[in-house]
Amino acid sequence: MGFLIILLIVVAILALIWLAITYNALIQLRLRVKNAWAQIDVQLKRRHDLIPNLVEVAKGYMQYEKETLEKVIKARTQATQATAVKEKQDAENFLTSALRSLFAVVERYPDLKANQNMLKLHEELTSTENKISFARQYYNDETTRYNTSIKSFPTNVVASTFNFKGEELFELEDLAQKEAPKINF
Amino acid sequence: MPYSFIEVEKQKSWIIRAVFLFLIIFYFLVAEIIWLITKIFVLSELNAAKAPALFSLLEAAVVFFVAFIIAFVHWRFSTRDMIEKILNLLGAIDPDPKDSYHQVFKNVVEEVCIATGGIKIRCCVIPSSGLNAFAVSDFKGDAVVGVTEGLLAKLNRSQLEAVIGHEAGHVASGDSLSTTIICSLFGVYSVLLRGLSKTLGIISRGRRAGGAVLYLLIIYIVLSITQGVSFLLNMFISRQSEYRADAISVRLTRNPISLAEALYIISRGWRGLGEIPNSFSPIFIMSPDYSRLEESESVTSDLLSTHPPIKSRLAILLDMAHSDVKVLKEGIKPKYKVPIERGIVEIKEEPKREWLIYKDNSWQGPFQLGELFNLGLSPDSWISKVDEGFIKHASEDEILNAALRDKLAGKAIKVGDICPECNLPLGEILYEGTPVLRCYYCGGILVGQDAVSRIMVREDVTFPSSIAKAAEEVLKTYSMKMRLDRFRVAYELICPKCKGKMWRGLFSYGYPVEIDRCDRCRYIWFDKDELETLQYLFERRGQESTKD
């Protein structure tokens, strides 16, 4: 009898230790997801800040393309106002496509293309776009790891007890990019 | 990321301990051998009966203690400011914020840092036309990734990103720390070894051999052994880590094709960097000196080279992308070039010519401010502004009056640098992505020493056929010119930067274009078309060498 009690106590202690370790691991994973999201936010903000300058430079050369410029401005306003993940995602995707059409138009203006400020802004925006996509990649990686761990056994027991909820992935809605993946494993 | 920071920390301490242990053992063995030899010498002098035992534990302990101290001192001195020392040795410099290639490089590094989830990496550029990249890091967690100018010129953005991803992989996995430590610990030896072999050569020629030579010889042998061991140690860490860094790069950029392309381009080009000791090769993406060993796959070559053969690296990457070398070769497109007149970007626009001046009984102009002063503007000169249309004295105009006052006060007029040929202010432009000064009037270009090397390796623009003709002409007439000009030193122009004299001569014997060079600040003045001719010759030489 005494032996059984000791065994039970040992098992209980082990279970508690496991619980603590799992809980901490989950917390850590969740923090990493939060951190990754903050990274995306920083880059999105940077893109929003660049757009007024871009429009300012382009304005002087593109009197006949008001529509394209206005579309970019509108998309930017929408994007800055969005708060929820899903909403943000849509607004940012819209902004990306608006910017892409703007740069397609810029191609038609050689003077504007060779403008020093334009070149700088183009490089900055390209870099920011890349940063956004890398930040998104990192966020999605971390989120997938987190989501996987809260759904797999036995961690899911701890996760559901302490109310860890899965996070949404930040996905691309742009069809052109979806259809042409860089690699196919 | 496959490595969390904790894992990296763990690996760090493991490597540090292993290397330190190796140092202690190494110094212990050396000290013990030297001690034993000394004893044998002494023993042969002494009476054999009184001689102490050849080996004793106490002595060994003392020797060990000494070895420990030496190892510690060596460690402390070698690992202090590791990064700065290596950067100095490689001649790496910070990127130029005005240079568009450097800006792209900086941005790409930042992008990759974000992909790793927030590792901080500083970037550096090696002003060399070779193709290579390296990563170093230290205990504090500082990391530097550097690339050569040649690499920046030859790779496109995604290829560069893949290379940076590879280097960031070294940093993230902690490999770069171990290679940096080993390089700074044993880089010293290779220098010592060189010096020692010279000394030995001198002594042996002098035929005054004795105990000293024996010691030197022993040290020489021991050093050679450590050289070998450190080399092996490096390879052990380095070879595997190259594959691993390739894998991390693919993980970060999701683009194995670009990495394969980059590796292919680097392997086909010249990777050399000049006077860099062999012991530094592990920090580079591909060994700076070409050796056949690295390209074969036998067991010995596997043991004896720091980098895995390019073939197997490519094979792994291409396998990931379901592609093969043939497709890869076809996929590498030459860089997009524009005609030269469209490749120039003006940073500062030319100042307006808005002044007319009455001189020599006629109205002349319009001129810029700087030009007016060259024409001898005085307060009572009659001038007129083009868009205003009425005539006044120079002293009546606010801007001119202020400028004249400045001149009276002995201050230089702020018109910037002046063209040495036509005395007009030079404008700043981006030529092949690098900032240079150009005269609007005569088309001459003033270039700093380091910018010349950048312009020569970059190939953004195409040249009109007149440049090709001029270049052929230069090559044809150059041997004759050499004979005529060898002893003639002509100072004709004044350097716009330092106001020193500029010396007219050939750019180099390999590229015999005539240029004006300032002795003091090393700026070079190219008359119209001279820079283009030089570039044309350089590009042609490059094409010829890759054909072979």
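The values are calculated or read from the model by the stated rules, or taken from the named source; none is laboratory data. Note that the structure is a prediction, hence the values are computed from the model and not measured. Here Cβ is always computed from backbone atoms with ideal geometry, including for glycine, and neighbour counts include all displayed protein chains. These accessible areas exclude ligands, DNA and RNA; they are computed on the full protein's heavy atoms, side chains included. Shrake-Rupley method; radii C 1.70, N 1.55, O 1.52, S 1.80 Å.
So the values come out like this:
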read-out: Meets criteria (among the aliphatic types (A, V, I, L, M), open to solvent by 90 Å² or more (accessible area, probe 1.4 Å) and more than 14 Å from chain B (Cβ to nearest Cβ)) for A:Leu8; value: yes
read-out: Near pairs, Cβ below 7 angstrom, 6+ apart or cross-chain, from segment B:251-266 (facing chain A (nearest Cβ under 9 Å) and assigned to a helix (DSSP H, G or I)) to any residue that is open to solvent by 20 Å² or more (accessible area, probe 1.4 Å) and polar (S, T, N, Q); value: B:Ile257/B:Ser323; B:Ser258/B:Ser158
read-out: Extreme residue, nearest to B:Met456 (Cα to Cα), among residues of segment B:83-101 that are within 11 Å of chain A (Cβ to nearest Cβ) and in a helix (DSSP H, G or I); value: B:Tyr101
read-out: Output for segment A:74-131, where each listed residue is surrounded by fewer than 17 Cβ atoms within 10 Å (Cβ to Cβ), within 14 Å of chain B (Cβ to nearest Cβ) and not in a helix (DSSP H, G or I); value: A:Glu107, A:Tyr109, A:Ala114
read-out: Residue selected from segment B:291-327 under the condition in a helix (DSSP H, G or I) and among the β-branched types (Val, Ile, Thr), by the criterion modelled with the highest pLDDT; value: B:Ile316
read-out: Qualifying positions in segment B:508-530 - touching a helix residue (DSSP H, G or I) at 6+ places or on another chain (Cβ under 8 Å), under 16 Å from B:Glu473 (Cβ atoms) and open to solvent by less than 40 Å² (accessible area, probe 1.4 Å); value: B:Tyr511, B:Pro512, B:Val513, B:Ile515
read-out: Residue tally, condition more than 9 Å from chain B (Cβ to nearest Cβ) and either of a type outside the set (Gly, Ala, Ser) or under 30 Å from A:Val106 (Cα atoms) (or both), over segment A:134-160; value: 17
read-out: Odd one out for B:Tyr358, checked against (1) within 12 Å of chain A (Cβ to nearest Cβ); (2) in contact with a strand residue (DSSP E or B) (Cβ under 8 Å, 6 or more places away or on another chain); (3) modelled with pLDDT of 75 or more; value: (1)
read-out: Verdict on A:Leu69 being open to solvent by less than 20 Å² (accessible area, probe 1.4 Å), aliphatic (A, V, I, L, M) and closer than 30 Å to A:Tyr138 by Cβ; value: no
read-out: Residue tally, condition closer than 21 Å to B:Thr79 by Cβ, more than 14 Å from every other protein chain (Cβ to nearest Cβ) and open to solvent by 40 Å² or more (accessible area, probe 1.4 Å), over segment B:110-141; value: 4
